[in-house]
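J.: If you scroll down you'll find the structure; I have some questions about it.
The values are calculated or read from the model by the stated rules, or taken from the named source; none is laboratory data. The structure presented is a predicted model; accordingly, all values stated were derived computationally and were not measured. Neighbour counts run over all protein chains shown; Cβ positions are idealised from the backbone, glycine included.
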Amino acid sequence: MAPPTLMPFGVESWPCEVSYDLDALLPKSDAVMMLRVQRERMNAAFFPTQREYSRRYGWTRPVPRCCRTTPS
């Protein structure tokens with residue numbers, strides 16, 4: 001799950017589900033790992049603004065009820 005501009009070339013042919021919507025994936029995910037965007041290595045070609053990236057792909061809200069926060 002990532003913005004289309006940050007997905008690896010050819011990822012659609014990998015044996016995995018490709019998505020651009022974090023909220024849609026959370027209910028069916030067993031684990032979530034968030035990585036930071038290295039601002040110093042990016043340029044404006046990947047996404048219009050840091051604010052847009054954070055709003056669409058960042059974790060800025062409480063953990064949804066659909067997610068376990070402890071092992072079962």
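J.: Name the residue that is nearest to Ser19 (Cα to Cα), counting only residues in the range 33-72 that are modelled with pLDDT of 75 or more and β-branched (Val, Ile, Thr).
T.: For the range 33-72, the residue satisfying everything is Val37.
J.: Let me ask something else about it. So which residues in the range 1-40 are small (Gly, Ala, Ser), part of a loop (DSSP other than H, G, I, E, B) and loosely packed, with under 10 Cβ neighbours inside 10 Å?
T.: Correct list: Gly10, Ala31.
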